[in-house]
1. Quick one: length gained pulling residue 324 to residue 161 fully straight, 0.36 nm per residue minus the C-alpha distance?
2. Can you grab the distance from the C-alpha centre of the stretch 115-149 to the C-alpha centre of the stretch 36-64, Å, no decimals?
3. Which of the peptides 209-218, 107-116 is most tightly packed, and how do the rest follow, judged by the mean count of other Cβ atoms within 10 Å per residue?
4. Please compute the contact order of the chain in relative form: average sequence separation of alpha-carbon pairs under 8 Å and at least six residues apart, divided by the residue count, as a percent.
5. What is the Cα convex hull volume of the stretch 116-158 when expressed per residue in Å³?
6. Run the helix sum for the chain: -39,500 (n - 2.57) per DSSP H stretch of 4+ residues, divided by residue count, reported at 222 nm to the nearest 500 deg cm²/dmol.
7. Which one of 386, 262, 203 has the biggest mean-square fluctuation once the chain is modelled by GNM with Cα springs under 10 Å?
8. For the chain, just the Cα atoms, rotate onto the principal axes and tell me the three extents in Å, largest first.
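Every number here is computed from the coordinates shown, using simple stated rules; none is lab data. Since the model is a prediction, treat every value here as computed from it, not as a measurement. Neighbour counts are summed over all protein chains in view; Cβ atoms, including those assigned to glycine, are modelled from backbone coordinates with ideal geometry.
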Amino acid sequence: MSDLLKELIPPNRLMLTPGPSSMDPRVYRAMATPLVGHLDPWFKNMMDDVQAQLRLAFQTENRVTHPISASGSGGIEAAVLNPLEAGDEAIVCINGFFSERMGVIAERTPAKIHRIEVPYGSTVDPEEVRRVGKGRKIKFVGLAHGETSSGVVHNIDAFRQVADELGALLVVDAVATLAGIPLNVDKQRIDICFSGSQKALSAPPGMAPITLSSRAEEVFRNRKTPVQSWYFDLTTALNYWGKERLYHHTPPITLIYGMREALRLVFEEGLEARWERHRRNQQALVAGVEAMGLELFVKNPKDRLITVTAVCVPDGVNDLKVRNQLLDDFDIEIAGGFGPVKGKIWRIGLMGFSAQRNNVLLFLAAFEKVLLDQGFHVPAGAGVGAAVRTYLQPVAVGAK
Ligand SMILES: *Cc1c(COP(=O)(O)O)cnc(C)c1O
């Protein structure tokens, strides 16, 4: 019989990658419920739930808050294309692959883009933004909150302050951070903030939640020319996600069911408890890999992204062999590096449903076995032992 006629049975993997993360079984169940039409009154009401949930997740009262029908990169497109027109200038802070993508997308518009680039593993200094923007009319300052390609986190508040001085909007890529680490769109006064469904939300891939401040909305309303992209034009998309619920395009209805359930899980747990769970499990992972004699790629602990930990591949160890063996022998997927850090780092994601104690301990045990097989000496049980000790410390706000 041809393979084409066989039932699809994917392997049961544990995804410890920078996305997608593993999903709670309840999310799969929600996605197996009946399809309805995107203009069905029941669905139009259900859209209200998702928008209210997303406002809670982003910690905002912004009117315009909804999932874009696209992956996280579609969120970048929308966030960058909507504010920019010919004659505008913008600053993009680039410290890795995804913030680079924001720069590349911005450079496809007729606007003038100022890149501030630093090596992988570093943060951009807000002082540089002040220097580059001085005396210019800057439309927005863009940055990645969490730069997944290198495991680095930015302190948003310092950039807000500089953007205020420049009279610029603040655009933040929160694809890797929403519902994983503290983020408060209203308090931090982020004008355009977007995320991805498949990272710390642990919803199915294919949606990019976005939220706009009233200031951003005003900038869009005052455009002189239409947004280059019809699909990602947020003003026309609002005919559907706004009050009128008029047809714009057919959204991924089933994915929206999944996102609703994933967000329900977020609020059953509580945002703060969820942030604490991510922090605690990453702390255990870090203690474990360091005890195994491995080095973290990001040297300054305060710059380390909690949802993705970058670990240096030790000399003489083959990155790909380790990852392949983890997958083949243990059904665990971790990621390698891109671009300048290809072959040099592993990226271990602890996002959403994947960020659990069981997974950290299983991973460290499996990692020890694989590293030993690949000829790297690890003291017996060092990783698991160190991680267990971090879990002995008292738990804050009820995290598991
Ligand atoms: C994953 C990621 C993206 C891209 O998302 P896709 O869903 O792969 O398009 C963008 N920015 C950051 C920070 C990410 O982690």
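1. Difference between extended and current length: 54.2 nm.
2. After rounding, the separation between the Cα centres reads 32 Å.
3. Highest mean packing first, the order is 209-218, 107-116.
4. The value is 22 percent.
5. 73
6. The per-residue figure over the chain is -12500 deg cm²/dmol.
7. Of 386, 262, 203, the most mobile in the Gaussian network model is 386.
8. 65, 55, 49
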